[in-house]
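Remarks on the structure that follows.
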């Protein structure tokens, strides 16, 4: 199993990201109303991703959540340009937060390097720090 990691550009939180996805799915009607994003390149390792992989979203410099990937399909932008559609499962799952430097596009993320889900994770210590406080503590090397 293999995952993807991508910046949720402009989204300050997973809640805002979920709202954007819900509106876009309703407006476009694409992919049976499931959340999705479009990207230029088709992942060469799509079969590994479709074997239970997720997209890990970076919001505001922090990796905070993930969504299961439902499918990866050929798609088309509004202007007719061909692209790839990455179709997602609706629930956004909180993960153990991690600071991430900015990058362009998406990257592969091995399962061994992926953060654990927060829900039901006793080792995560029930982390309820607000993302802004977590960022500040990480910057001060206190976490």
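One table, with the values for the structure above:
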read-out: Burial ranking of peptide ranges 109-116, 11-18 (average Cβ count within 10 Å, highest at the top); value: 11-18, 109-116
read-out: Computed helical MRE - 222 nm, the chain, DSSP H runs ≥ 4 contributing -39500 (n - 2.57), nearest 500; value: -5500 deg cm²/dmol
read-out: Folded to 0 to 90 degrees: helix 14-28 orientation relative to the chain principal axis, Cα; value: 10
read-out: Quarter of Cα convex hull surface for the chain, i.e. mean projection, nm²; value: 8.9
read-out: Label point 7 Å beyond Cα of residue 103 along Cβ direction - residues of region 16-46 with amide nitrogen under 17 Å; value: 39-46
read-out: Residue 73-residue 9 FRET efficiency (beta carbon distance; Förster radius 30 Å; 0.05 resolution); value: 0.85
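No lab work stands behind these numbers, since they all come straight from the coordinates. Given the structure is predicted, the values throughout are model-derived calculations rather than measurements. Cβ atoms come from the backbone with ideal geometry, glycine included; neighbour counts cover every protein chain shown.
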